[in-house]
Amino acid sequence: MATDTTKPVAPELWPEGRWTSNPRVTMATSLGNIVVELQPNSAPLTVVNFLAYTNTGFYKSLLFHRVIPGFVAQGGGYFSGLTQKDPFYDAIP
């Protein structure tokens, strides 16, 4: 059986209109869970892109590579050892 190497198609923003609730995503980490509430009416393309990556399991086994207490926790692109994971989709505008 051949491996499918076709790059996934970037998510589309549809249907038109406003979201009636803010989706929440729970990130399970080795130090506990983090719940993030997304703001699709303020950043619709970012939310759709993040949910597409989340729903495909892209973030599994990745690490937070930059943490500044009280300011930022950045992650999603690296495995342990700082080996970069290639994105599924092209960058959003």
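Quick note: the coordinates plus some simple rules give every number you see, no bench work behind them. For clarity, every value in this text was computed on a predicted model and none was experimentally measured. Positions of Cβ are backbone-derived with ideal geometry, glycine not excepted, and every protein chain shown enters the neighbour counts.
Couple of notes before you dig in:
- Placed amide H near His65: partners under 5 Å, 5+ positions off or other chain: Gln74, Gly75, Gly76
- Calculated FRET value between Asn41 and Ile68, using beta carbons and R₀ = 30 Å, to 0.05: 0.60
- A straight chain from Thr20 to Lys60 at 0.36 nm per residue would run longer than the Cα-Cα distance by 11.6 nm.
- Theoretical FRET efficiency, 1/(1+(r/R0)^6), r = Cβ-Cβ of Thr83 and Met27, R0 25 Å, to 0.05: 0.80
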